[in-house]
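The values are calculated or read from the model by the stated rules, or taken from the named source; none is laboratory data. These numbers come from a predicted model, not from an experiment. Glycine gets a Cβ as well: all are built from the backbone with ideal geometry, and neighbour counts include every protein chain shown.
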Ligand SMILES: [Zn+2]
């Protein structure tokens, strides 16, 4: 049946070619229902609150992680999902054990320092060495005095120090660790950038494998004091740690709504359920994953069934290196369903979206058509569109296999939560209820529109096209550093 009906009005003239007037007419009603359902009955905020209170952190492979997987599964079940499964995976992963760091001018009287190990630090490490100030910890700092760090412990600032040379590169903590190792450091102490005694974790490995030297984070205040001390005296440290590295078992949680007319074609919408273990991961990624859970609730409550199949996925293992999304994509390659995934929408710390984004420029018309309805329901939604591609979240394994990816463009983090990223202060009091509900509303609309539209023009790239796409988006170099560039040139 030809769906397009030509109606001559200003409103419908604005519609792009990819979305027919009939579709838009139907979506208006459905989006209005989504809007009302989310505003009246969203449980995103409440369930996240409950999970942070009853479970705590959601570290992959830990007892808490297992509880979180079960919490999500049971929640989806309670929303009426019957097509619901765990997707188990077993991988090498890292988790922290004990750590002590002591620093001082007198090797016989070192003072204990509050610190945390960075992920992928060695399983056991016991080093006593002199500490040297390596500034920002970028190549230039080492080139200036090549032997300075050899056999010693590098003290490095996580960001770019005020007063640094213009153009100093802001490198990832894992890259700074790799550089220190290369220049012969026996350990690295990373100074956090956030004020207030905050400690940060995250991986210190560029490859996801164990690193050869212990890497720890200290607070901004402690770290700056050590830098000051080093101007007039020698500092020594004793770092002792043990960690776990080995096979862990974890499970993604997958809830499916079969498509009405194109059940084989799939739109995947996901967010990582796991978190680091220093706090409860309320922001990273409670706000994203619990919004996706509530998008699933919204679809179930309204009995929505778009043309294509929708899969809601709670990924585990994101923080240790996208372990769950890699497992999902590996399984999809194996059962040959990868080519049926038409879009992947990822929600990682998304808060209060004002627009949408996609890896595919050509999706602008579709996304803006969807967004124009969202905007008509709430003018706070600005219906901006941005295209581009980045790394380091669960869309990455999909993107590397040619799947178009996208999502909603957030409004920064709520309550200035930035300094608590990966830190011991990522707690529920930072969460903003309105922002979460807005995410549920506008992202459910995006999801429905993509899954329901007559034609998705975004191309599923073949291998050669994927390579060109990644090069165009300047992702070749970081993928090569991570050992993930699978092409010869
Ligand atoms: Zn995250």
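Being under 13 Å from residue 103 (Cβ atoms) and surrounded by fewer than 21 Cβ atoms within 10 Å (Cβ to Cβ): is that true of residue 249 here?
So residue 249 does not fit the description; no.
On the given criteria, is residue 298 modelled with pLDDT of 95 or more, more than 16 Å from the ligand (Cβ to nearest atom) and under 30 Å from residue 379 (Cβ atoms)? Explain how you work it out, then say what you get.
Details: modelled with pLDDT of 95 or more: yes; more than 16 Å from the ligand (Cβ to nearest atom): yes; under 30 Å from residue 379 (Cβ atoms): yes.
For residue 298, the condition - modelled with pLDDT of 95 or more, more than 16 Å from the ligand (Cβ to nearest atom) and under 30 Å from residue 379 (Cβ atoms) - is met.
In contact with a strand residue (DSSP E or B) (Cβ under 7 Å, 6 or more places away or on another chain), within 22 Å of residue 250 (Cβ to Cβ) and not assigned by TED's automatic domain parsing to the domain that holds residue 127: is that true of residue 59 in this structure?
Numbers: in contact with a strand residue (DSSP E or B) (Cβ under 7 Å, 6 or more places away or on another chain): yes; within 22 Å of residue 250 (Cβ to Cβ): yes; not assigned by TED's automatic domain parsing to the domain that holds residue 127: yes.
Judged against the criteria, residue 59 is a match.
For segment 325-352, which residues satisfy the criterion of being in contact with a helix residue (DSSP H, G or I) (Cβ under 6 Å, 6 or more places away or on another chain) and more than 16 Å from the ligand (Cβ to nearest atom)?
Residues satisfying the conditions are 329, 332, 338, 343, 352.
Which of the residues belonging to segment 105-129 are free of Cβ contacts under 8 Å to residues at least 12 places away in the same chain and either under 29 Å from the mean Cα position of the chain (by Cα) or part of a strand (DSSP E or B) (or both)?
111
Would you mind telling me which numbered condition in (1) away from the ligand (no atom under 12 Å from the Cβ); (2) in contact (Cβ under 8 Å) with a residue 12 or more places away in the chain; (3) farther than 19 Å from residue 67 by Cβ residue 322 fails?
All conditions pass for residue 322, except number (1).
Filter segment 301-318 down to residues that are assigned to a strand (DSSP E or B) and within 14 Å of the ligand (Cβ to nearest atom) and give me whichever is nearest to residue 75 (Cα to Cα).
314
What do you reckon, is residue 227 out of contact with any helix residue (DSSP H, G or I) (no Cβ under 9 Å at 6 or more places or on another chain) and either free of Cβ contacts under 8 Å to residues at least 12 places away in the same chain or away from the ligand (no atom under 16 Å from the Cβ) (or both)?
Yes.
Can you tell me which condition residue 90 does not meet? The list is (1) crowded, with 17+ Cβ neighbours inside 10 Å; (2) closer than 24 Å to residue 312 by Cα; (3) modelled with pLDDT under 95, and all the others hold.
All conditions are met except number (1).
Just one of 149, 156, 132 is surrounded by 11 or more Cβ atoms within 10 Å (Cβ to Cβ), touching a residue at least 40 places away in the same chain (Cβ under 8 Å), in the same structural domain as residue 118 (by TED's automatic domain parsing) and under 19 Å from residue 216 (Cβ atoms); which is it?
132
Answer yes or no: is there a residue in segment 360-367 that is within 23 Å of residue 92 (Cα to Cα), away from the ligand (no atom under 13 Å from the Cβ) and not in a helix (DSSP H, G or I).
no
Only one of (1) at pLDDT 95 or above; (2) on the phi < 0 side of the Ramachandran plot; (3) within 16 Å of the ligand (Cβ to nearest atom) fails for residue 410. Which number is that?
Only one criterion is unmet by residue 410, namely (1).
Among what's in segment 276-289 and is under 29 Å from residue 304 (Cα atoms) and in contact with a strand residue (DSSP E or B) (Cβ under 8 Å, 6 or more places away or on another chain), pick the residue that is farthest from the ligand (Cβ to nearest atom).
First, the residues of segment 276-289 that are under 29 Å from residue 304 (Cα atoms): 282-289.
Subset that is in contact with a strand residue (DSSP E or B) (Cβ under 8 Å, 6 or more places away or on another chain): 285, 288-289.
Details: 285: 4, 288: 7, 289: 9 Å.
Result: 289.
Using beta carbons and a limit of 6 Å, which pairs, at least six apart or on different chains, have the first residue in segment 348-368 and in the same structural domain as residue 434 (by TED's automatic domain parsing) and free of Cβ contacts under 8 Å to residues at least 12 places away in the same chain and the second one more than 16 Å from the ligand (Cβ to nearest atom) and in a loop (DSSP other than H, G, I, E, B)?
Nothing qualifies.
Please go through segment 169-200 and give me each residue that is part of a loop (DSSP other than H, G, I, E, B), surrounded by 16 or more Cβ atoms within 10 Å (Cβ to Cβ) and modelled with pLDDT under 95, ordered by number.
Going through segment 169-200, the residues part of a loop (DSSP other than H, G, I, E, B) turn out to be 169-172, 183-186, 192-199.
From the residues that got through so far, the ones that are surrounded by 16 or more Cβ atoms within 10 Å (Cβ to Cβ) too are 171-172, 183-186, 192-194, 198-199.
Scanning segment 169-200 gives 171, 172.
A quick yes/no check of all residues on (1) modelled with pLDDT of 95 or more; (2) out of contact with any helix residue (DSSP H, G or I) (no Cβ under 6 Å at 6 or more places or on another chain):
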site	(1), (2)
5	no, no
8	no, yes
20	no, yes
28	yes, no
38	yes, no
51	yes, no
64	yes, yes
86	yes, yes
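Going by what's in this entry, would residue 102 be described as in a strand (DSSP E or B) and surrounded by fewer than 13 Cβ atoms within 10 Å (Cβ to Cβ)?
In short, no.
Could you tell me which of the residues 442, 381 is at pLDDT 95 or above, touching a helix residue (DSSP H, G or I) at 6+ places or on another chain (Cβ under 7 Å) and not in a helix (DSSP H, G or I)? Show your work before the answer.
On the way: 442 fails: not in a helix (DSSP H, G or I).
Result of the check over 442, 381: 381.
Looking at (1) closer than 17 Å to residue 271 by Cβ; (2) surrounded by 21 or more Cβ atoms within 10 Å (Cβ to Cβ), which is the one condition that is false for residue 391?
The single condition residue 391 does not satisfy is (2).
Take the conditions within 16 Å of the ligand (Cβ to nearest atom), in contact with a strand residue (DSSP E or B) (Cβ under 6 Å, 6 or more places away or on another chain) and modelled with pLDDT of 95 or more and apply them to residue 355. Does it pass?
Details: within 16 Å of the ligand (Cβ to nearest atom): no; in contact with a strand residue (DSSP E or B) (Cβ under 6 Å, 6 or more places away or on another chain): yes; modelled with pLDDT of 95 or more: yes.
No.
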